[in-house]
Amino acid sequence: MKSLFQRISVVAVFMVYFTPGFSAGKPFPGDTVSRFIAAYGKDSLRTLLDERIKLASDFIYIHTGDIVSPNAAMEFRLYARHFNLPIAEVPLLSAPYDAYFYRLYGQYLGDTIAMFENFKKIKEEKQDVLKLFIENMVHEAGRIGFAVFCNHFTIPEKAVDSLYVFRKRIKGMDKIQTYWTLIELGKNCPKAYPGLEKMLADYFTELAKVYNFSQLYSPATVLTAKNMESYNLLLPVRTTAYGLYANNGSVPALDSRLMYLLSSQNLSDGGWPVYYELNKEGDAMTTLYGLWALCEWRELFKSRD
């Protein structure tokens, strides 16, 4: 049995050899994680994940004031509690979420009382749920509300179809967040739409073609309105975190995305940047989703024992 120091040394050597960095222009082989485990064992990979999770957690602890999105703040709070991270209860003063609501891992957060009252009113007045869904799905808060509280009323299958078609009209963060909406709908109301699992798998495949790590190998020297989305590291990181949370096999445990994620994390500050080559300083929002993805991956490897 190797000592902890020896295992960490092996991990360090491995990462130097197999982490070319985005500017090198050499994508990771698809079997990189398998090769890692074959050469050094799962314990070494767990050690590496633990180290990187600690680095990212320390970054978030210092930069909580930069998490300005209430929904992202609630996601962080809920997944940090789920994975028992020491920073789970750190104050998030820049993103108060008392007037908002969210749900992850079966746990609610935020102003759920007001929403329960709204849905009670919908039932009492026998309002058209499909019409309400169509009217509100264009707004992030509307999508979240229906996904989080779907077990309090019946969502017509046509509503889910409409949301899936809606993805063609949006891009970037809205498109990725809509993917989460369908994930959460499936977790809270699995019988709402019989074909939802395949829909989610197809949706992830579609996202991964556009928002992937390999596109960052040829960074633009100047960001423009047309190319900035293509080089935004937050998009593939958030897509990956949601794909892992979906737990439908969208992101397998032995997936090269893990090495891309580890490679793009700054060892200097523990965070992930927004634009890798142009500004390598860690970014709170990108790190929030990078940390979430690493926690999910660590859980995946535990479940494979």
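Every number in this text was worked out from the coordinates using simple rules, so none of it is lab data. Predicted model only: the values in this text are computed from it and were never measured. Cβ atoms come from the backbone with ideal geometry, glycine included; neighbour counts cover every protein chain shown.
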Under 28 Å from the Cα of LYS226 - lysines, other chains or at least 8 residues apart: LYS26, LYS168, LYS171, LYS175, LYS209, LYS280
Is segment 95-248 best put as rounded, prolate or oblate by its Cα gyration tensor, with a ≥ b ≥ c the root eigenvalues, rounded for a/c under 1.5, and otherwise prolate when a/b is larger than b/c, oblate when not? prolate
Taking Cα centroids, how far is segment 237-281 from segment 136-200 in Å? 24 Å
Could you run the Karplus curve 6.51 cos²θ - 1.76 cosθ + 1.60 with θ = phi - 60° over segment 143-159 and give me ³J(HN,Hα) per residue in whole Hz, x for Gly and Pro? 5, 4, x, 5, 6, 6, 10, 4, 7, 9, 7, 9, 8, x, 4, 4, 5
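With a ≥ b ≥ c the root eigenvalues of the C-alpha gyration tensor of segment 152-202, is it rounded (a/c under 1.5), prolate (a/b larger than b/c) or oblate?
Here segment 152-202 falls in the prolate category.
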Total charge dipole magnitude, segment 81-185, about the Cα centre, Cβ charges on Lys, Arg, Asp, Glu only, Debye to nearest 20: 380 debye
Select from segment 67-174 those GluC sites (Glu not before Pro) which occupy a DSSP coil region and have at most 16 other Cβ atoms within 10 Å, ordered by residue number. GLU89, GLU125
